[in-house]
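Okay, so here's the structure we're looking at.
The values are calculated or read from the model by the stated rules, or taken from the named source; none is laboratory data. Quick caveat: nothing in here was measured; it's all calculated off a predicted structure. Here the Cβ is made from the backbone with ideal geometry for all residues, glycine too, and neighbour counts use every protein chain on show.
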Amino acid sequence: MRRSLLFIPSNNPGMLESSNLFGSDSVIFDLEDSVSVSEKDNSRNLLNSFLKTKDKLNLEVIVRINASDTPFYNDDLAVVVSDKIDTIMLPKASAITLSKLDEDLSKIEKEKKLTKKINVLPIIELASSLIEVNEIAKLPRVNGLLLGGEDLSSDLEVVRTPEGLEILYARMMVVTAAKANKIDAIDTPFTDVLNNEKLKEECKLVKGIGMNAKACIHPNQVEIVNEVFSPTLKEINWAKKVLIAKEEAEKKNLGVFSLDGKMVDKPIILRAEKILAKAKKFKII
């Protein structure tokens, strides 16, 4: 259960040290796009050294490794996979590369005698990945889908616009696959770090179509993302009313009941329970 995931370049010591201070639910230590080829080895080793000095960060620790068709993939896994991380983020994900990653992680977990199973967060940023997104969502270890809007737009040969119509279909496919498999639907980062008003508008838009989280590329984006993707007071009060009414209905052996003139059945109850679970998770109630 996430709202905000903040990218942190793994070759920036200052950002690494501050990574748990920005308020994001997850931090993505990046070994891929934000790190030049000449810095790959240093970045990987710096991240490894940093994690070794920390007992535990109070948030989900994700590492975006390099794609499986790069010469950096194997070294990334060999160095960073440990009990200090929770999730591996795989760029250019496909069903084939994710199956390989599952095998590779299983081998490393056994060799290193890890105490937990590492989760996987694939980035859906190729047209081919979008076509098989439901298959990807069903794979072992996958607990969320992140839409990569910039790379996907390039692959589709379209121009990214502020309105985002060119990736609306992709957003809906990611949401549908994620919800069908009960995992997180995570929206692409908003790249204009100076336009917080537009960021908030986009967050509201994608929340409205089913996204439950958004990736951030700057710490200043985290507060807005958390605000929009948190349950509102109105939603929380509604959810409490639903569950109170449910208890009353159960006493009367009613499977379906009315609240404020509207019928309430199992899907509505489940939605109310999810709202309150999120509110408790994020310490809103």
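A few remarks follow.
- Test for residue 241: is it among the charged types (D, E, K, R), surrounded by fewer than 20 Cβ atoms within 10 Å (Cβ to Cβ), farther than 27 Å from residue 9 by Cα and free of Cβ contacts under 8 Å to residues at least 40 places away in the same chain: yes
- Residues within segment 178-219 that are surrounded by fewer than 18 Cβ atoms within 10 Å (Cβ to Cβ), of a type in the set (D, E, K, R) and touching a Leu at 6+ places or on another chain (Cβ under 9 Å), tallied: 1
Table: residues versus (1) under 24 Å from residue 276 (Cα atoms); (2) outside the structural domain of residue 32 (by TED's automatic domain parsing); (3) in contact with a Phe, Trp or Tyr (Cβ under 7 Å, 6 or more places away or on another chain).
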position: 190; (1), (2), (3): no, no, no
position: 193; (1), (2), (3): no, no, no
position: 199; (1), (2), (3): no, no, yes
position: 215; (1), (2), (3): yes, no, yes
position: 239; (1), (2), (3): yes, yes, no
position: 246; (1), (2), (3): yes, yes, no
position: 257; (1), (2), (3): yes, yes, no
position: 260; (1), (2), (3): yes, yes, no
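- Test: residue in segment 220-237 that is under 13 Å from residue 190 (Cβ atoms) and surrounded by fewer than 18 Cβ atoms within 10 Å (Cβ to Cβ): yes
- Cβ-Cβ under 6 Å pairs, at least 6 apart or on other chains, segment 81-96 side over 11 Å from residue 116 (Cβ atoms) and in the same structural domain as residue 58 (by TED's automatic domain parsing), far side hydroxyl-bearing (Ser, Thr, Tyr) and at pLDDT 95 or above: 93/129; 94/129
- Residue list for segment 21-33, restricted to those being over 12 Å from residue 72 (Cα atoms) and either touching a residue at least 60 places away in the same chain (Cβ under 8 Å) or surrounded by 17 or more Cβ atoms within 10 Å (Cβ to Cβ) (or both): 22, 23, 24, 25, 26, 27, 28, 29, 30
- Enumeration of residues in segment 36-47 that are surrounded by fewer than 20 Cβ atoms within 10 Å (Cβ to Cβ), of a type outside the set (A, V, I, L, M, F, W, C) and not in a loop (DSSP other than H, G, I, E, B): 38, 39, 41, 42, 45
- The lone exception for residue 257 - which of (1) under 30 Å from residue 202 (Cβ atoms); (2) over 23 Å from the mean Cα position of the chain (by Cα) it fails: (1)
- Qualifying residue in segment 1-15 (condition: basic (Lys, Arg) and not in a loop (DSSP other than H, G, I, E, B)): no
- Scanning segment 48-70 for residues that are over 25 Å from residue 282 (Cβ atoms) and assigned to a loop (DSSP other than H, G, I, E, B) turns up 53, 65, 66, 67, 68, 69, 70.
- Annotation: residue 255 fulfils all but one of (1) loosely packed, with under 13 Cβ neighbours inside 10 Å; (2) not basic (Lys, Arg); (3) not in a loop (DSSP other than H, G, I, E, B); the unmet one is (3).
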